[in-house]
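Report on one structure; see the data block that follows.
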Amino acid sequence: MSSAPERDSRLGFLLARYLHGEARKYQSGTVMKDVLTLLFAVASGLTVSGIVANLYRILGRRPESLTARGGYLAVMTVAGPSVLFDKSVRHWRAHGGSPIALVIAVAISGYWSFAIGLLVLSLRLSLH
């Protein structure tokens, strides 16, 4: 049977070992990897969004039929972050709108780009 001081020192040893392991896990760069993955996903999503938006501007016409409107909605699902960001910044510069509205539009655009970027990254990883 163990005595109380021996149990306490063993508990302290296990706690110190656990905390050291947790600290080592964060020292190895997992937080930085997560931040870089987040930034890369946002950047890749905004890039794909910009490419699709500009291709639609070059090739697309005004949607008149129901099928064309469905295609327009499908394109804007991917091109939306770039279009939203562009229109909100242009409106803010031209009319001097509310900076809070601009921040909200940029935040929505960033989150939307993040979602598209995660899709792009998952497609890339599934093809590898």
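The values are calculated or read from the model by the stated rules, or taken from the named source; none is laboratory data. What you see is a predicted model, and the numbers here were worked out from it, not measured in a lab. As a convention, Cβ positions derive from the backbone with ideal geometry for all residues, glycine included, and neighbour counts pool all protein chains shown.
Data table
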quantity: Search result, residues across the stretch 87-106 that are of a type in the set (D, E, K, R) and modelled with pLDDT of 95 or more; calculated: none
quantity: Residue among ARG93, ARG61, ARG69 that is among the charged types (D, E, K, R) and under 26 Å from the mean Cα position of the chain (by Cα); calculated: ARG93
quantity: Failed item, numbered, when PRO63 is tested on (1) in contact with a helix residue (DSSP H, G or I) (Cβ under 9 Å, 6 or more places away or on another chain); (2) surrounded by fewer than 14 Cβ atoms within 10 Å (Cβ to Cβ); calculated: (2)
quantity: Answer from GLY50, GLY80, GLY71 - the residue that is touching a Pro at 6+ places or on another chain (Cβ under 8 Å) and not polar (S, T, N, Q); calculated: GLY71
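Rundown of residues vs (1) among the β-branched types (Val, Ile, Thr); (2) surrounded by fewer than 17 Cβ atoms within 10 Å (Cβ to Cβ), yes/no style:
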residue	(1), (2)
LEU46	no, no
ASN54	no, yes
ARG57	no, yes
GLY71	no, yes
THR77	yes, yes
